[in-house]
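Since the structure comes first, as structure tokens, the remarks are kept for the end.
The values are calculated or read from the model by the stated rules, or taken from the named source; none is laboratory data. The structure displayed is predicted, hence computed values, not measured ones. Here the Cβ positions follow ideal geometry from the backbone for every residue, glycine too, while neighbour counts run over all protein chains shown. To get the accessible areas, we keep the full protein, side chains included, count just its heavy atoms, and leave off ligands, DNA and RNA. Shrake-Rupley method; radii C 1.70, N 1.55, O 1.52, S 1.80 Å.
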Amino acid sequence: MLNRTLAVVATAATLLAGAAPAALAATSGSNPATFRTTVRAPAGAHVSAAVLDLDGGGRAPAVYGDDTPYDTASIVKVDILASLLLHARDHRRALTPRESALAQVMIRHSDNNAADALWHSIGGAPGLASANKRLGLTSTTPGTRGRWGLTRTTAGDQIRLLRAVFGSGPTALDTASRDRIATLMTEISADQSWGVSAAADAGWALKNGWLMRSTTDLWDINSVGRVTAGGHHYLVAVLSNGNASMPDGVNLVERAARTAVTATAAH
């Protein structure tokens with residue numbers, strides 16, 4: 001994983017409309033506390049981001065903060081759908097009408113009952129793990145006992161998953177499967193269109209996740225997707241936990257997304 005230097009100069013901070021303090025710099029990964037300061041993470045909250053410029057020359061994403069595992073919450077629904085499509089192709093069949101309908105509401109509206117059903121269809125945690133190996137994920141651990149939202153992943157691994165959907169290179173997913181996932185991620189319901197879309201000045205495709213942990217009453221807030229900014233297409237993953245409320249977490253994720261995309265674009 002390529003660690004990149006986070007440099008947010010005063011001009012960039014102006015473009016971010018106050019998303020981060022000006023003239024701050026940090027080496028990502030080696031000093032995650034500085035990234036937290038840059039994006040004004042509240043006390044007790046943690047955040048990591050990863051960005052890949054699809055129009056750039058590099059193949060490794062820039063990682064900001066400490067690329068350690070976080071709960072996925074509902075961002076795992078993209079992974080569940082990718083696994084379902086791989087499973088169907090392995091059996092030389094299309095998705096059934098029921099599976100297609102469940103996939104649509106699972107991604108567009110983040111429907112948990114649909115996710116429960118499709119989690120069962122892919123074989124639960126072992127099925128997800130098997131698919132992730134084929135998709136190139138290396139740091140994602142499926143949730144156990146049906147608790148798919150407690151799957152653990154890193155921002156860097158989410159970029160690997162997004163690349164399997166949106167990248168131009170070879171992938172375990174066929175073209176039709178990639179198009180299906182990408183299209184659904186552009187059709188997110190209006191009340192769920194926050195997150196990495198804050199870094200876009202044109203189009204976006206995303207999936208968000210939010211979960212209040214019953215053990216702490218603190219929130220996991222995550223967002224992954226593809227955004228277009230400054231004429232470039234970026235894959236972006238932002239993961240956070242320890243947020244005092246959902247609005248606090250959404251604001252943090254959006255500041256982190258804007259900061260990370262701006263910093264990546266500057267290199």
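Our summary gives the chain a relative contact order of 24 percent, counting only alpha carbon pairs under 8 angstrom and 6 or more residues apart. What FRET efficiency would be calculated for the residue pair A244, A117, taking the C-beta separation as r and a Förster radius of 35 Å, to the nearest 0.05? Computed FRET efficiency for A244 and A117 comes out at 0.60. The angle separating the long axis of helix 97-108 from the principal Cα axis of greatest extent in the chain is about 10 degrees. Taking every C-alpha pair closer than 8 Å and separated by at least 6 residues, the mean separation divided by the residue count of the stretch 44-120 gives a relative contact order of 22 percent. Of the residues T171, T186, ranked by 1.4 Å probe accessible area with the largest first, the sequence reads T186, T171. A probe of 1.4 angstrom, applied to the heavy atoms of all protein chains, finds L211 with accessible area near 50 square angstrom. Highest GNM mean-square fluctuation among M212, M185, M106, for the chain modelled with Cα contacts below 10 Å: M212.
Estimated at 0.36 nm per residue, the fully extended path between H267 and D179 surpasses their Cα-Cα distance by 28.7 nm.
Taking the longest Cα principal axis of the chain as reference, the axis of helix 246-265 is set at about 70 degrees. Given a 1.4 angstrom probe, I'd like the percentage of the accessible area of the chain that is carbon and sulfur, rounded to a whole number. On the chain, the fraction of accessible area on carbon and sulfur atoms equals 53 percent. Comparing H91, H120, H233 in a Gaussian network model of the chain (Cα springs below 10 Å), the most mobile by mean-square fluctuation is H91.
Estimated from helices alone, the mean residue ellipticity of the chain at 222 nm is -12000 deg cm²/dmol (sum of -39500 (n - 2.57) over DSSP H runs with n ≥ 4, per residue). Rolling a 1.4 Å probe across all protein chains gives D174 an accessible area of roughly 50 Å². Remark: the chain carries 41 Å² of accessible area per residue (probe radius 1.4 Å; ligands, DNA and RNA excluded). The distance linking the stretch 54-80 with the stretch 142-187 is 10 Å (Cα centroid to Cα centroid, whole angstrom).
For helix 175-184, what angle does its Cα long axis make with the longest principal axis of the chain, in degrees from 0 to 90 and rounded to 10? That helix lies at roughly 60 degrees to the long axis.
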